Amino acid sequence: MFFNADRRLIYIILAIFILIGIFNLGTNNILNLVLTLPGVIIAITFHEYAHAYAAEKLGDDTPRNQGRLTLNPLCHIDPIGFILLIFANFGWGKPVQINPRNFNRNISMSKG
């Protein structure tokens, strides 16, 4: 992390965002949530799957061993990120863990 903060402070800030989101839910916002949430879940799932697939193609079997090389949304949704996605309109998926030492290809940014 960039800063060393107490976890309680982070949880308090996240709780404030959730409470603001709960009190701002109107019928129009609920309809908007119902219409956009499936697309966002699909996008997060494909995004995290792409990370796992790229690591697998580079020789790292860590995502496969952790069961992350799948299109099952339950494997890619982070609980806190998902709750914040619903109530605070921002969120995240569960990051794919990799081990760069397992990569079996030389990765070079230059063409020559």
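The values are calculated or read from the model by the stated rules, or taken from the named source; none is laboratory data. Note that the coordinates shown come from a computational prediction; the quantities given were computed from them, not determined experimentally. Every residue, glycine as well, gets a Cβ built from its backbone with ideal geometry; the counts of neighbours run over all protein chains shown.
For region 53-71, enumerate the residues that are farther than 11 Å from GLY93 by Cβ and surrounded by 15 or more Cβ atoms within 10 Å (Cβ to Cβ). Of everything in region 53-71, those that are farther than 11 Å from GLY93 by Cβ and surrounded by 15 or more Cβ atoms within 10 Å (Cβ to Cβ) turn out to be TYR53, ALA55, GLU56, ASP60, THR62, PRO63, LEU69, THR70.
Restricting attention to region 1-29, which residues are surrounded by fewer than 10 Cβ atoms within 10 Å (Cβ to Cβ), among the hydrophobic types (A, V, I, L, M, F, W, C) and at pLDDT below 75? Answer for region 1-29, where residues must be surrounded by fewer than 10 Cβ atoms within 10 Å (Cβ to Cβ), among the hydrophobic types (A, V, I, L, M, F, W, C) and at pLDDT below 75: MET1, PHE2, PHE3, PHE23.
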